[in-house]
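The values are calculated or read from the model by the stated rules, or taken from the named source; none is laboratory data. All figures in this text were calculated on a predicted structure; none of them were measured in a lab. A quick note on method: Cβ atoms are made from the backbone with ideal geometry, for glycine too, and the neighbour counts reach across all protein chains shown. Please note that ligands, DNA and RNA were not included when accessible areas were found on the heavy atoms of the full protein model with its side chains. Shrake-Rupley method; radii C 1.70, N 1.55, O 1.52, S 1.80 Å.
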Amino acid sequence: MVPFDRLLALADDALILGHRLSEWTGHAPLLEEELALGNIALDLIGTGRRLYQYAGEIEGTGRDEDGLAYLRDAPQYKNLLLVEQPNGDFAMTVTRHFLYAAYATPYWQNETTSADPTFADIAKEAARQSAYHLRHFGEWLVRLGDGTEESRRRTQAALDALWMYTGEMFDGLPQAVRTAWDETVDRTLARAALARPQAGYMQSGGRRGRHSEHLGYVLAEMQFLQRAYPGATW
């Protein structure tokens, strides 16, 4: 059986990143891309919901997915620092999600053979969805990096700014996941004519509940209704 804390961390990743993508509604550069971002956000939130449901069952205290998603404070969240970073411009959003999906895809593929049948079932759907997310944002990274001088500048700047949040993703994971991530990143950056940032200091703490100030603003918006009207139903 997968530990409660691990389920919670994965669910938090999916929920927070899904919420970040939902913030593009009405603001995406293209109508087609707005629909794509909305659908990807729904994929992530759906994965988060299944993980929260299973985590609640394992915890056995009566908390459901709504209680876990909406009734915890920032230090109780275990998501990666990467996923809570602001959307910034479109290049920043593309780069953030590419870096995440390049990790999530091999991770979920690896977990499809988990000895925990419930978790393996969640992983199968998440792996399929994540492979699409990786393809989508990988192609955008190439278009932006190998596009105009301005799009390349913005994308390289996003890559440089977000790189320090990538090391945290691999703590406690099989080396195969890191190897697959490195291969995907290097191959895509070469196509995009972007430079891989130099290895340096890596930020961490998200998995231990130590977050940037950005998470607090996300939660304030996301949790407002549930906290203002406890137990509200539609």
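A few comments on the model shown:
- Looking only at the range 152-183, and only at residues there that are in a helix (DSSP H, G or I), touching a residue at least 40 places away in the same chain (Cβ under 8 Å) and open to solvent by 20 Å² or more (accessible area, probe 1.4 Å), the one that is farthest from Gly205 (Cα to Cα): Arg152
- Residue within the range 213-222 that is under 30 Å from Glu150 (Cβ atoms) and of a type in the set (Phe, Trp, Tyr) present: yes
- Of all residues in the range 70-92 being over 12 Å from the mean Cα position of the chain (by Cα) and hydrophobic (A, V, I, L, M, F, W, C), the one that is surrounded by the fewest Cβ atoms within 10 Å (Cβ to Cβ): Leu71
- Just one of (1) within 23 Å of Pro174 (Cα to Cα); (2) crowded, with 16+ Cβ neighbours inside 10 Å fails for Arg135. It is (2).
- Test: residue in the range 197-214 that is hydrophobic (A, V, I, L, M, F, W, C), surrounded by 12 or more Cβ atoms within 10 Å (Cβ to Cβ), under 27 Å from Asn39 (Cα atoms) and in contact (Cβ under 8 Å) with a residue 24 or more places away in the chain: no
- Selected residue [without any contact (Cβ under 8 Å) to a residue 40 or more places away in the chain and either open to solvent by less than 50 Å² (accessible area, probe 1.4 Å) or in a helix (DSSP H, G or I) (or both)] from Gly67, Gly62: Gly67
- Here Ile16 fits the description: in a helix (DSSP H, G or I), among the β-branched types (Val, Ile, Thr) and in contact with an Asp or Glu (Cβ under 7 Å, 6 or more places away or on another chain).
- Only one entry in Leu225, Leu219 is open to solvent by less than 80 Å² (accessible area, probe 1.4 Å) and outside any loop (DSSP other than H, G, I, E, B), namely Leu219.
- Selection count, the range 93-119, where residues are in a helix (DSSP H, G or I), hydrophobic (A, V, I, L, M, F, W, C) and either touching a Gly at 6+ places or on another chain (Cβ under 7 Å) or open to solvent by 10 Å² or more (accessible area, probe 1.4 Å) (or both): 2
- Selection within the range 21-54: residues that are among the aliphatic types (A, V, I, L, M) and part of a loop (DSSP other than H, G, I, E, B). The member of this set that is most open to solvent (accessible area, probe 1.4 Å) is Leu30.
- Yes/no for Leu189 being closer than 25 Å to Ile45 by Cβ, under 21 Å from the mean Cα position of the chain (by Cα), of a type in the set (A, V, I, L, M) and surrounded by 14 or more Cβ atoms within 10 Å (Cβ to Cβ): no
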